[in-house]
Structures are given as structure tokens and as C-alpha cells.
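**Q** One structure follows; several queries about it will come next.
The values are calculated or read from the model by the stated rules, or taken from the named source; none is laboratory data. Given the structure is predicted, the values throughout are model-derived calculations rather than measurements. Neighbour counts are summed over all protein chains in view; Cβ atoms, including those assigned to glycine, are modelled from backbone coordinates with ideal geometry.
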Amino acid sequence: MKKNLSILFFLAAVLILSACGSDKSGGSKDEVVIGYFPNIDHVPAMIAKEKQYFEETLGDDKEVTYKTFPDGGAFMTALKTGDIDAGFVGPGPVMNNYANGADVKIIAGASSGGTVVVASEQSGIEGLEDLGNHTFITPGIGCTHDVQMETFLKEQGITSARIGGTLKHVTGNPAQYQAMFESGKVDLAAVPEPWASTLVANGAKIIVDTDEIAYGTTLPNTVLVTSGKLLEEENEMIKQITAAHEKSIEFISENPEEAQTIAVDSIEEITSQRMDESIIASAWERVTFTNEVDAEIIQAFADSSHDLQFLKEKPEFDDLVVSQDKLLGSAQE
């Protein structure tokens, strides 16, 4: 009997120790997952990863991991399912998902500018008057670059086949645009940097530059987002994430050459494509890195998305953008 009791006490002790070992407060770290894309608009994420700013601000009890995405749709799915806690994405997918009831909040800007419309060398397109029945490509339907391009074109009296025009639209990864240009599958692209500079270096012609396209220099091309639930339940953690992001923005401003090198190395690591340093330098001139975001511009962009029929109902984004004052205030309440 004593032997049996000893065994029971031993098993109980093992269970207790095991439970303690699995408790996040008892030694194991909470995982924080940051999402981003392998393009120049997302350099703040690459800087934060390289310099370990998230790890530094979140502290030793958090384990930071990173996940990259090919498009905004995949990113937003990951945010909604909780596979990522925060990350960098274009405002287009954020607004589309928010309008459909997704729990998402913009907590900072990341970059603005950088969207360029270019035509392939063999397309024969010299200007807007030549578009006709050609095919254009963007990273996704209703993505940031798509809305920017179609808003601009509509102002010129040109519409896509999606809403009754003749200009055909397809989607694809910007890293593949050069091959698609060469094969003749597409003639025109609304593309973020550094892919725009890459296409131009290989013979493509700029049709609409960054300062001409709709919302070109004012709209954030990338924003930092999280869920409303996490913002409420883990406000201190979200504050730390935004603080780390601010360090990245400051680093880019103070160390542009090193930041460009980090961007080149990071993009190559993810895409297996080495960007020419001159391409990055060219792209850098069209992109502004900032943690500021204008809620009024976000609303105007959303109105354009509705006008282009990407959104069924005209949305109101009064509480989509969380100001820094509100973020700090909610932490003190």
C-alpha cells in the first residue's frame, strides 16, 4: 500500500511540475508574431527585425517571430485567425476587411508614396491615350495600388472591364511582372517600389509617376495594424510594438544607406532575388517612411474604393485609425 501511495505522490508531483512548466508566467515565453511583406514599403519591419527593436521593447518574457505574406488577403486572414498579432499591410485590404466586419485597427503609418504605373517596352503604350484594350496588373483586386490606379484612370475617363470599361485587369506577385511583361501576358502595371524601378531599368516606361497617381504622396502605402481585441486586452504590448516601430522609422531617417542595405539583404532572403543597390536607391526617392497616418486621407481613399465598386456600401472609418494620444490614453484608463 505504501508503495502504491509513493507512486501516486510521484505522479502527482510530475503533473504539478509539468503544469508549472507550461504556464507562460512560469518560464516559457509568450509568442508575438509580426507580419509583413518582402517589399520596400515594409522596410520598417525589416529594420525592426534586423535591429531586434521588437525584442528590445517587448522584453525577455516575449518571443518575437516574423511571418511574411504574398498579398493583403493572406495577411488579413492571418490577423483575423490570430496567426499574427500585428503587422504591416496596405490600407486597401484593411479597409475592405473592416467594412466587412473584421476586427482590425490601424495603430501607425509605415510608408507612403512609391506606387508607379509602368508600361512594357513592347506594349506600344506611350501615354494614357494608348491604353485601349490592354491588360494591366496589380498585386490584388482592390489592393492599395489597384485603387490608386483605377481612381486616377477614372478621373481621366478610363475604366476597367470590371466596371464596364475595356481595360482588362489581372493580379499577380510584383516579382513576376518582368517575366509577364516579356511574355506579353500583361502590358501595364500599377506596382510598388522597388519593382517599379526594376521594370524601368529593364525597359519599361513610366506612364503615371508617384506624384501624379491618386493619393500618391499622401496615402500610406503601408500601415501598422492589430486587432481591436488585442488593443484592448494587451494594450501595453501594443504600445511597445508601436514604440519599436518608431525606432525603426528614426533609424531609416538617420541611416538611409544602411537601411537600404538591410532592405536588399532582407528581400533577397525571402524572395531569393538580389535587388541591385541602384534600384533600391531609385526606389528610395519615391517612398517616405513615417509612422504618421491621416484618418481623413484613409476615409477619402475608402470613398474611392466604394466609387470603384470594390466596397458594396460606403464605409465610415471614424474608429479605424487609433491615434497615438488615444492609444496612450487607453493604457492609462
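**Q** So Gly87 passes all but one of these: (1) out of contact with any Asp or Glu (no Cβ under 8 Å at 6 or more places or on another chain); (2) touching a residue at least 24 places away in the same chain (Cβ under 8 Å); (3) small (Gly, Ala, Ser); (4) surrounded by fewer than 24 Cβ atoms within 10 Å (Cβ to Cβ). Which condition number does it fail?
**A** (4)
**Q** Oh, and also: Would you confirm, using the coordinates I've provided, whether Val200 is within 26 Å of the chain's Cα centre (by Cα) and within 24 Å of Ile270 (Cα to Cα)?
**A** Here the answer is yes, as Val200 does meet what is asked.
**Q** Of all residues being hydroxyl-bearing (Ser, Thr, Tyr) and touching a Phe, Trp or Tyr at 6+ places or on another chain (Cβ under 8 Å) in region 217-250, which is modelled with the highest pLDDT? Just the residue, please.
**A** Looking at the filtered set, the residue picked out is Ser248.
**Q** If I ask for residues that are outside any strand (DSSP E or B) and among the aliphatic types (A, V, I, L, M), which ones from region 74-113 would you list?
**A** Ala74, Met76, Ala78, Leu79, Ile84, Val94, Met95, Ala99, Ala102, Val104
**Q** What number goes with the only condition from (1) within 30 Å of Val33 (Cβ to Cβ); (2) in contact (Cβ under 8 Å) with a residue 12 or more places away in the chain; (3) not assigned by TED's automatic domain parsing to the domain that holds Tyr36 that Lys229 does not pass?
**A** For Lys229, the exception is condition (3).
**Q** Against the condition part of a helix (DSSP H, G or I) and either assigned by TED's automatic domain parsing to the domain that holds Asn39 or acidic (Asp, Glu) (or both), how does Gln240 come out, does it pass?
**A** Against the criterion (part of a helix (DSSP H, G or I) and either assigned by TED's automatic domain parsing to the domain that holds Asn39 or acidic (Asp, Glu) (or both)), Gln240 qualifies.
**Q** Also: Could you check, for region 150-165, whether at least one of its residues is of a type in the set (Val, Ile, Thr), surrounded by 24 or more Cβ atoms within 10 Å (Cβ to Cβ) and touching a Gly at 6+ places or on another chain (Cβ under 9 Å)?
**A** no
**Q** Looking at (1) out of contact with any strand residue (DSSP E or B) (no Cβ under 6 Å at 6 or more places or on another chain); (2) at pLDDT 95 or above, which is the only condition Pro93 fails?
**A** Tallying (1) out of contact with any strand residue (DSSP E or B) (no Cβ under 6 Å at 6 or more places or on another chain); (2) at pLDDT 95 or above, Pro93 fails exactly one: (2).
**Q** Here's something else I'd like to know. Report, by residue number, each residue of region 127-149 that is in contact with a Gly (Cβ under 8 Å, 6 or more places away or on another chain) and among the charged types (D, E, K, R).
**A** Result: Asp130, Asp146.
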